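Notes follow the structure.
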Amino acid sequence: MANQIILHSSMKYFSTNQQSPLADFREATIRGQAPDKGLYFPEQIPLLPKGFFDNFGFRSREEIAFEVIKPYVGDTIPSNRLQEIVRDTISFDFPLVKINEQIAALELFHGPTLAFKDVGARFMSRCLAHFVKDNTQKVTVLVATSGDTGGAVAGGFYGVEGVDVVILYPAGKVSSVQELQLTTWGGNIAALEVAGNFDDCQRMVKQAFADEELTNQLFLTSANSINVARWLPQQFYYFFAYQQWPDKDHPPVISVPSGNFGNICAGMLAQVSGLPVQQFIAACNANDTVPAYLASGSYTPKTAVATLSNAMDVGDPSNFSRILEIFQQQFSSLKKALTSSSVSDSQTRETIRAVYEKVHYLLDPHGAVAYRALEDYLQHHAEQKGYLLGTAHPVKFYDVVEPVINQPISLPDPVQALMGRNKHRSQIAPAYSLLKEFLLAKKR
Ligand SMILES: *Cc1c(COP(=O)(O)O)cnc(C)c1O
């Protein structure tokens, strides 16, 4: 035993651009993006311990989630605090609901803002609060949203001491419920309505992080899915789904409605760690950069176009470099593990209507894209079964869904409560200089 060395080292993260020093979970969370503008990626993908799946259906979700995330956090957060953070993060239901003989829906919309992004945002806000609790300088979380990120991030950070949040969203391109979830907070949450599209918002945020004059004065961090503390906890619910998966001998095909590809990338990471998965499907709307890449082998970013599933209106998915990293840049192995297809708005409407009429299950537009992609896939793989990720409650898109099913849908309490509240937002043109001015004015 004399030579045994006990290492208390933490997981290190490198930048996908390879030009930044390694960081631990704390530093990666605080920075968001690496200094060379790459994305942080774990040096090793941990393997799940032996016995992890024994009696899996009976293990507590808290225990599973803690075991999944612990190696990524290392010793940057004490275990008992991390257990509390995990417990808080997942304090709602994640039911796997059967739709028909072949297809189920993993409903990820039972959190406070009715979106799957609640999981990442709640985990990240609590980690960041832990890391900055002794800081004298305020932290400003700067985030661009195509719809649901903003509400989830605002909800996660509202009232968190020492943290200000600034959210950019594209004018007229988020649903009315989403806009309420962005703009009715006040307090430490500021919303900026940008006269442009989501890519404009994302570009302005990226420019702010690259602006040294600004970052010398403001302690800026991101809460987009590029942040490891938002990205990594998204693995949790793939495990919760597997707990509920009835046929453990035939792992599921998993269809993920994809925009920036953070969600599906977390699932693929879980798969590398040992989660049984038959196949991943990246379901996209008309923004088909990734389906086109998998078909042609050449990656060509496009300008985003507006669709019914607006949270997926992304022309250059920011997490795609992480997916390439998982497959060590091997196109052929990626192409085997990942199927991707593009679903049009009219197919989306058709799917919402058909599924509702047949089995009275109501899909939101994002879930409908994933349902359609999965259904198409299963037509050629009749012996397989799968589930889609229901990433948002259909009521968040009632303006789309109601006319399709020709029936009113009732608003759940959290949405009802927003209806009478005042909107707080500033409107700006899609110019970085205006964002900078706004941020510097906040400091004064
Ligand atoms: C954000 C979002 C997506 C896309 O998730 P990514 O991780 O960006 O791929 C899908 N559906 C809904 C409802 C969303 O809010």
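The values are calculated or read from the model by the stated rules, or taken from the named source; none is laboratory data. Because the structure is predicted, anything quoted here is derived from the model rather than measured. Counting neighbours? That spans all protein chains shown, and the Cβs are built from the backbone with ideal geometry, glycine included. These accessible areas exclude ligands, DNA and RNA; they are computed on the full protein's heavy atoms, side chains included. Shrake-Rupley method; radii C 1.70, N 1.55, O 1.52, S 1.80 Å.
The table for this structure:
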| quantity | calculated |
| --- | --- |
| Some residue of region 28-47 being in contact with a Pro (Cβ under 6 Å, 6 or more places away or on another chain) and crowded, with 18+ Cβ neighbours inside 10 Å | no |
| Members of region 227-253 that are more than 10 Å from the ligand (Cβ to nearest atom), farther than 23 Å from S60 by Cβ and crowded, with 24+ Cβ neighbours inside 10 Å | N227, V228 |
| Any helices (runs of 4 or more DSSP H) falling wholly within region 309-400 and containing at least 3 residues that are farther than 22 Å from L96 by Cβ | 320-326, 331-337, 345-359 |
| Sole residue being among the aliphatic types (A, V, I, L, M) and either open to solvent by 50 Å² or more (accessible area, probe 1.4 Å) or within 28 Å of Q243 (Cβ to Cβ) (or both), chosen from V369, V415, V400 | V369 |
| Among (1) of a type outside the set (G, A, S); (2) in contact with a helix residue (DSSP H, G or I) (Cβ under 6 Å, 6 or more places away or on another chain); (3) open to solvent by less than 80 Å² (accessible area, probe 1.4 Å); (4) under 23 Å from E179 (Cα atoms) - the single one R349 does not satisfy | (3) |
| The listed residue being under 21 Å from L440 (Cα atoms), out of contact with any strand residue (DSSP E or B) (no Cβ under 7 Å at 6 or more places or on another chain) and either at pLDDT below 95 or not in a helix (DSSP H, G or I) (or both), out of T140, T136, T113 | T136 |
| Answer residue from region 156-176, given it is crowded, with 24+ Cβ neighbours inside 10 Å and within 16 Å of the ligand (Cβ to nearest atom) and is nearest to T221 (Cα to Cα) among those | I167 |
| Single unsatisfied condition, M124 versus (1) outside any loop (DSSP other than H, G, I, E, B); (2) over 17 Å from G162 (Cβ atoms) | (2) |
| Conditions (1) within 17 Å of N224 (Cβ to Cβ); (2) surrounded by fewer than 17 Cβ atoms within 10 Å (Cβ to Cβ); (3) among the hydroxyl-bearing types (S, T, Y); number of the one not met by S258 | (2) |
| Some residue of region 279-293 being acidic (D, E) and surrounded by fewer than 17 Cβ atoms within 10 Å (Cβ to Cβ) | no |
| Cβ pairs under 8 Å, 6+ apart, first in region 47-70 and under 12 Å from F239 (Cα atoms) and part of a helix (DSSP H, G or I), second of a type in the set (A, V, I, L, M, F, W, C) and open to solvent by 40 Å² or more (accessible area, probe 1.4 Å) | none |
| Inter-residue pairs, beta-carbon under 9 Å, first within 26 Å of A266 (Cα to Cα) and of a type in the set (D, E, K, R) and in region 325-353, second in a loop (DSSP other than H, G, I, E, B) and open to solvent by less than 30 Å² (accessible area, probe 1.4 Å), 6+ apart | E325/T16; E325/L39 |
| Residues satisfying the stated conditions in region 258-292, i.e. part of a helix (DSSP H, G or I), over 16 Å from the mean Cα position of the chain (by Cα) and either within 30 Å of A65 (Cα to Cα) or more than 15 Å from the ligand (Cβ to nearest atom) (or both) | Q271, V272, S273, V290, A292 |
| Matching option when the condition is within 22 Å of D376 (Cβ to Cβ) and within 14 Å of the ligand (Cβ to nearest atom), among S309, S296 | S309 |
| Residue match in region 100-123 (condition: of a type in the set (D, E), at negative phi and open to solvent by less than 10 Å² (accessible area, probe 1.4 Å)) | yes |
| Per-region count, region 136-155, residues of a type in the set (A, V, I, L, M) and either open to solvent by 30 Å² or more (accessible area, probe 1.4 Å) or touching a Gly at 6+ places or on another chain (Cβ under 8 Å) (or both) | 3 |
| So V359, is it crowded, with 16+ Cβ neighbours inside 10 Å and among the aliphatic types (A, V, I, L, M) | no |
| Residue check for A304: in contact with a helix residue (DSSP H, G or I) (Cβ under 9 Å, 6 or more places away or on another chain) and either open to solvent by less than 50 Å² (accessible area, probe 1.4 Å) or without any contact (Cβ under 8 Å) to a residue 40 or more places away in the chain (or both) | yes |
| So A292, is it over 30 Å from F14 (Cβ atoms) and of a type in the set (A, V, I, L, M) | no |
| Criterion: modelled with pLDDT of 95 or more, polar (S, T, N, Q) and not in a helix (DSSP H, G or I) - qualifying residue of Q83, Q19, Q33, Q4 | Q19 |
| Out of A144, A191, sole residue that is more than 15 Å from the ligand (Cβ to nearest atom) and either out of contact with any Asp or Glu (no Cβ under 7 Å at 6 or more places or on another chain) or closer than 22 Å to F438 by Cβ (or both) | A191 |
